[in-house]
Amino acid sequence: MATLSPLDSERFGIVVARADSVTAEALPQLLEFCAEHEVEMVIARCDGADVAAAKALTAAGMTALESQLIYRGSLRPRRDAAIRAGQPEDREAVAALAEAGFEQLVGHYHADPRLDPEACRAGYVEWTLRGLEGDAADAFFVYEHEGAVRAYGMFDEAGREATYILATVDPACRGMGLYTALLHHGMAWAEERGAEEIVGVCAHGNVAPQRNLLKAGMLPVATTTTFHGWRDQIAPGR
């Protein structure tokens with residue numbers, strides 16, 4: 001259930017672990033794992049409707065920092081001539097978009113006062129570049145407007161389901177439909193690969209993308225809650 005997170009550990013200079021789908025019954029194992037591996041910070045995620053898990057994580061000394069909504073919908077493919085696959089030469093442009101787009105993100109990293117805000121933002125830049133390189137995404141698309149890259153979107157595909165992993169739009173171009181255009185373009189890519197549905201995940205407080213997902217026919221189907229637990233605040237026997 002729990003694993004060490006080399007990327008987070010390197011980024012923040014501490015030992016970081018991650019655990020998804022945490023339940024109250026599985027929490028003792030998670031705490032033991034953290035003690036055994038001398039984890040400084042654990043990122044634990046549970047089903048948003050699992051009250052027992054949330055209570056257990058809180059009682060163990062962890063803090064809830066983010067709620068996410070998971071959207072799902074059928075594909076509505078529509079390609080856009082302004083969108084193309086990302087190329088290595090787009091590296092500088094998409095890195096700049098990530099820096100600007102995720103500076104004020106209402107996510108669990110940014111919400112933790114013990115984490116360096118610059119390192120939090122750098123994490124999204126690194127994630128973006130790993131997507132461009134093909135390590136963190138199956139497809140990476142950019143939207144060009146007036147001769148410059150103004151937005152990007154990353155997608156994964158597994159069987160009948162695709163995922164809109166990450167996207168951002170130049171602040172100067174927001175409200176122009178770029179995010180939605182990338183979504184529909186990604187749907188066309190996913191359909192060609194045999195997918196039938198698409199999933200998108202948004203932070204609870206990030207309203208604009210949720211409006212776009214709803215307009216694209218996607219509906220909220222589940223929620224998650226993300227906790228951070230620090231070594232000096234949690235203990236295996238707590």
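Read-outs throughout are calculated quantities, based only on the coordinates presented, and are distinct from any laboratory measurement. Predicted, not measured: the structure shown is a model, and the values here were computed from it. Every residue, glycine as well, gets a Cβ built from its backbone with ideal geometry; the counts of neighbours run over all protein chains shown.
With an 8 Å Cα cut-off and a minimum separation of 6 or more residues, compute the relative contact order for the range 5-86 in percent.
Worked out over the range 5-86, it gives 25 percent.
Using 1/(1 + (r/R0)^6) with R0 = 45 angstrom and r between the beta carbons of Arg160 and Ala119, what's the FRET efficiency to the nearest 0.05?
The value I calculate is 0.75.
For a paramagnetic label modelled at 7 Å from the Cα of Arg79 toward its Cβ, which residues of the range 145-181 fall within the zone defined by backbone nitrogen distances under 17 Å?
The answer is 181, whose backbone nitrogens lie closer than 17 Å to the label point.
Quick one: which residues, 5+ away or cross-chain, put their amide H under 5 Å from the amide H of Ile165? H built at 1.01 Å from N.
Under 5 Å from the amide H of Ile165 lie the amide H atoms of Met154, Phe155, Asp156, each far enough along the sequence or on another chain.
What size of dipole, in debye to the nearest 20, comes out for the range 110-192 about its Cα centre when the only charges are +1 on Lys and Arg C-beta atoms and -1 on Asp and Glu C-beta atoms?
Charge dipole, the range 110-192, about its Cα centre: 300 debye, nearest 20.
Determine the distance separating the Cα centre of the range 96-154 from the Cα centre of the range 1-34; give it in Å without decimals.
23 Å
Once you charge only the Cβ atoms, +1 for Lys and Arg and -1 for Asp and Glu, what is the size of the charge dipole of the chain about its Cα centre, to the nearest 20 debye?
In total the dipole reaches around 800 debye.
Quick check on the chain: helices-only [θ] at 222 nm, where DSSP H runs of length 4 and up contribute -39,500 (n - 2.57) each and the sum goes over total residues. Nearest 500, please.
It lands at -10000 deg cm²/dmol.
Relative contact order for the chain using alpha-carbon pairs under 8 Å, separation at least 6, rounded to a whole percent?
31 percent
Considering only DSSP beta bridges whose two residues both sit in the chain, what percent are antiparallel, to the nearest 5?
Of those bridges, close to 85 percent are antiparallel.
For the chain, taking Cα atoms only, what is the radius of gyration to one decimal and the Dmax to the nearest whole Å?
Computed over the Cα atoms of the chain, radius of gyration and Dmax are 18.5, 59 Å.
Run a plain Debye calculation on the range 94-176 (Cα atoms as equal point scatterers, no solvent) and give log10 I(q)/I(0) at q = 0.18, 0.26 Å⁻¹, rounded to two decimals, same order as the q list.
Once normalised to I(0) and log-transformed, intensities are -0.79, -1.24.
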